[in-house]
Each structure stands twice: as C-alpha cells, then as structure tokens.
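**Student:** Sharing a structure below in structure tokens format, with a few things to ask.
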Amino acid sequence: MTTDSSERTVGLWVIGIVAVCLGLLGSCAGTFGVFSIAVQDSVAQMQDDLQQNQPNEELRELNREMQRETMEVARQFRIPSLIGNIVNVLASFALMIAAILLFRWHPSAPIIFIGAVAFSIVADLIVGGVGVIVQQQTVQVMEEFTQRMGEASSDPGAQRMLSSVMRASGTFGLCMAIGWLVAKLGFYVGAVVYLRKETVRALFG
C-alpha cells in the first residue's frame, strides 16, 4: 500500500515503536535465558569450588547444601524454562516483524500483528509462570538455610538482617515480575483494540 507516512496516526507509531522495543528486550532476555540454562551446572560447580574459602566448616557445608537444593529446583524446571525461553525468542521476533509490517503499510499487517501478540501472550505466560514458581521455591530454600546459617554463625544478628533483606528482595522481585507482565498484557490488549478500529483498518486497505 502506498499510504504516506504522514497519514500514519500517532497510535500506530506508538504501537510499532513499543512493539519493536518489547521484541528486542524479549529476544535478548530469551537468548540470555537459554544461555543461563546451558551453563547452570558449570556455574553451580564454580560456586561449590568457592566454598573452599569459607573457614567455618559448618557454614561451608550449609552453603553447599543450599546450593544443591537451589540447583535441584532449577533442574526440576529446566525443560519448562528452556521451552519458555525459546518460545519467547520466537514470539519476540514475530512481534518485531509484525511491527515492521505496520510501518511498511502491509495490507495484512494488523492481522499479523494480532497473531504475533497472541503468540507473545502465550510466551509471556509460560516464562512468567515458570519464573515465579522457580523464584518462590528458591527464595523459600534460601530463607530456610539463611536461618540455619544464623544459628551456626558467630554473628546471628547479621544473618537475621541478611534473611530479612533476602525476603524483601524476593518479594520485590516477584512484584516487579508480575507488574511487568501486567503492563505488557495491557499494551497487547490496547494495541489489539486499537488495530481493530474501522478507521485504522481502513488505512491498510
């Protein structure tokens, strides 16, 4: 279609630009997620080796046990996490392509964009759901072991403070993850509603 760019509404510009940004962020996050899963065991082994520097034998063993249990949580959800991150990468690329088609006035761009949004919602729900479960279980394990470390430490007050900080950071991280997911879903719904307007669809012929 040869519609001039000056006729493109502000809403289309906003939707296209935000979609490209979300696509870039999603593809980077998904790629990093896949890489992180691939090196999980190596990182765990490295952290285990570092425990040799802990002079307190009891704390050293507790750290190792905590590391084993957190890794067990990660391994339990490794396949769902891997699938979610791969789907996220594909959905993010689809969203970017759909946004580019909007900018190029492709006649089927609105329908393609809505399909990409549906794909992205599925990816976000998978990644977000698995991520929240893993985070919650990991925080529970760390809180339990932090409490045990406080009992074995010569400075239990510092350990209690660390436990409080860990609990607060876990809650903050959970709120941020849910807030980000809600914000993205809000954008997707708003974009679909806007693109389904008769006046907007008419621009694409």
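**Student:** Name every residue in segment 88-140 that is farther than 20 Å from K184 by Cβ and within 21 Å of the chain's Cα centre (by Cα), in order of residue number.
**Tutor:** Q136, Q137, T138, V139, Q140
**Student:** Being under 13 Å from F204 (Cβ atoms), surrounded by 17 or more Cβ atoms within 10 Å (Cβ to Cβ) and of a type in the set (S, T, N, Q) is the filter here, so list the residues in segment 92-138 that pass it.
**Tutor:** Listed by number, the list is empty, since nothing qualifies.
**Student:** Determine whether S163 is modelled with pLDDT under 90, more than 16 Å from L22 (Cβ to Cβ) and surrounded by 15 or more Cβ atoms within 10 Å (Cβ to Cβ).
**Tutor:** Yes, satisfied.
**Student:** State which residue is farthest from L82 (Cα to Cα) when the search covers only segment 33-56 and only residues that are of a type in the set (A, V, I, L, M) and modelled with pLDDT of 70 or more.
**Tutor:** Once the filter is applied, the top-ranked residue is M46.
**Student:** What are the pairs, 6+ residues apart or on separate chains, where a residue within segment 178-190 that is in contact (Cβ under 8 Å) with a residue 24 or more places away in the chain has its Cβ under 8 Å from a residue that is surrounded by 14 or more Cβ atoms within 10 Å (Cβ to Cβ) and of a type in the set (S, T, Y)?
**Tutor:** Note: pairs meeting the criteria are K184/S120; Y188/S120.
The values are calculated or read from the model by the stated rules, or taken from the named source; none is laboratory data. Predicted model, so just to flag it, every value in this text is computed and none were measured. As a convention, Cβ positions derive from the backbone with ideal geometry for all residues, glycine included, and neighbour counts pool all protein chains shown.
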